[in-house]
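Novice: Quick one: the structure is below, and I'll ask about it shortly.
The values are calculated or read from the model by the stated rules, or taken from the named source; none is laboratory data. Predicted, not measured: the structure shown is a model, and the values here were computed from it. A quick note on method: Cβ atoms are made from the backbone with ideal geometry, for glycine too, and the neighbour counts reach across all protein chains shown.
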Amino acid sequence: MDKASLIGSILGVIACLLVGYKASHGAWSMFWSEKGVIMVFGGTISVIFMAMPMDRIKCIPGYIKSFLFHKGKSPVEVIQLMSTLSEKARRDGLLALESEMAKINDQFLVNGLKMAIDGTDPDKIETTLRLEVMAMQDRHKAGKKFFDLIKLYAPGYGLVATLIGQIGMFGHLGGSIEVMGHMLAVAVVATMYGTVLANAVAGPMGDKLALRSGEEILSKEMMLQGILSIQAGDNPRVTTDRMLAFIPQMSRAKLAMAA
């Protein structure tokens, strides 16, 4: 599990609970509004179905899983792995990498190495792997879009519920104060639901997925350059330098110290 995602989620829940308790003095029922829940959550779900195709909607559990769990390799790990593969290929030949592929848990890298070992033209290898990266980007955009829809429309439906509550309140002016108070509560609580859902849940999750997408694309590009360098028979130092160009100077210094 991604520690940062877990820590952020826990802190957000604690902050909301702490402020809610201080405001209500333990009377949590004041934050409940059946009408607000129906409008905000029901309306947001309807938007998702209207805006996204069904095959993408079926992937929603995967989007949430991607937020909580991160299995991708860091740039430093990619460099270390590709350097090891390059040294082995230089020492024992390209065919020696077949025995290493079973240890690699990245299908993108395995596919690239298979093509390199089979003697596929470098241009075809690059074209094929870049198509895989494009497909991956499309999947990532769908995940980001899911959270963006919630971020955009949940507050809107909260506002709709607020307006409905205000209309109900104005319609009972001069009547029972209890009815007016109830309608006002519907208006305020629904706005809170939409705001919390958008800013404390969907927004941060979507931004994390966007960041992860950029990191994974960088990782795949580094792997691609490493595969092409290994197939060309470059010196392992050249292969490493080729990938070091993708990371900041500070990370390069740390990698050099670790070596």
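Novice: Could we say that residue 66 is surrounded by 11 or more Cβ atoms within 10 Å (Cβ to Cβ) and under 23 Å from the mean Cα position of the chain (by Cα) here?
Specialist: Answer is yes for this residue.
Novice: Ok, one more. Looking at the structure I just gave you, is residue 105 surrounded by fewer than 19 Cβ atoms within 10 Å (Cβ to Cβ), outside any helix (DSSP H, G or I) and not assigned by TED's automatic domain parsing to the domain that holds residue 58?
Specialist: yes
Novice: May I pose another question? So which residues in the stretch 43-66 are without any contact (Cβ under 8 Å) to a residue 24 or more places away in the chain and not aliphatic (A, V, I, L, M), if there are any at all?
Specialist: 46, 49, 53, 55, 58, 61, 65, listed by residue number.
Novice: Just one of (1) of a type outside the set (Lys, Arg); (2) crowded, with 17+ Cβ neighbours inside 10 Å; (3) outside the structural domain of residue 207 (by TED's automatic domain parsing); (4) without any contact (Cβ under 8 Å) to a residue 40 or more places away in the chain trips up residue 112, so point out which.
Specialist: It fails just one condition, (4).
Novice: For the condition part of a helix (DSSP H, G or I), surrounded by fewer than 16 Cβ atoms within 10 Å (Cβ to Cβ), more than 18 Å from the chain's Cα centre (by Cα) and touching a residue at least 60 places away in the same chain (Cβ under 8 Å), what is the one hit in 90, 130?
Specialist: 130
Novice: Additional query: When you look at residue 1, is it more than 18 Å from residue 184 (Cβ to Cβ) and either surrounded by fewer than 15 Cβ atoms within 10 Å (Cβ to Cβ) or of a type in the set (Phe, Trp, Tyr) (or both), yes or no?
Specialist: In short, yes.
Novice: Moving on. Please go through the stretch 32-46 and pick out each residue that is buried (at least 21 other Cβ atoms within 10 Å of the Cβ) and closer than 15 Å to residue 198 by Cβ.
Specialist: Of everything in the stretch 32-46, those that are buried (at least 21 other Cβ atoms within 10 Å of the Cβ) and closer than 15 Å to residue 198 by Cβ turn out to be 36, 39, 40, 44.
Novice: Could you list all residues from the stretch 205-220 that are surrounded by fewer than 17 Cβ atoms within 10 Å (Cβ to Cβ) and over 9 Å from the mean Cα position of the chain (by Cα)?
Specialist: The answer is 214, 215, 217, 218.
Novice: Another question, then. So in the stretch 48-63, with the set limited to residues that are within 23 Å of residue 3 (Cα to Cα) and loosely packed, with under 14 Cβ neighbours inside 10 Å, which one is modelled with the lowest pLDDT?
Specialist: Within the stretch 48-63, the match that is modelled with the lowest pLDDT is 62.
Novice: Of (1) part of a helix (DSSP H, G or I); (2) free of Cβ contacts under 8 Å to residues at least 12 places away in the same chain; (3) outside the structural domain of residue 126 (by TED's automatic domain parsing), residue 85 satisfies all except one. Which?
Specialist: (2)
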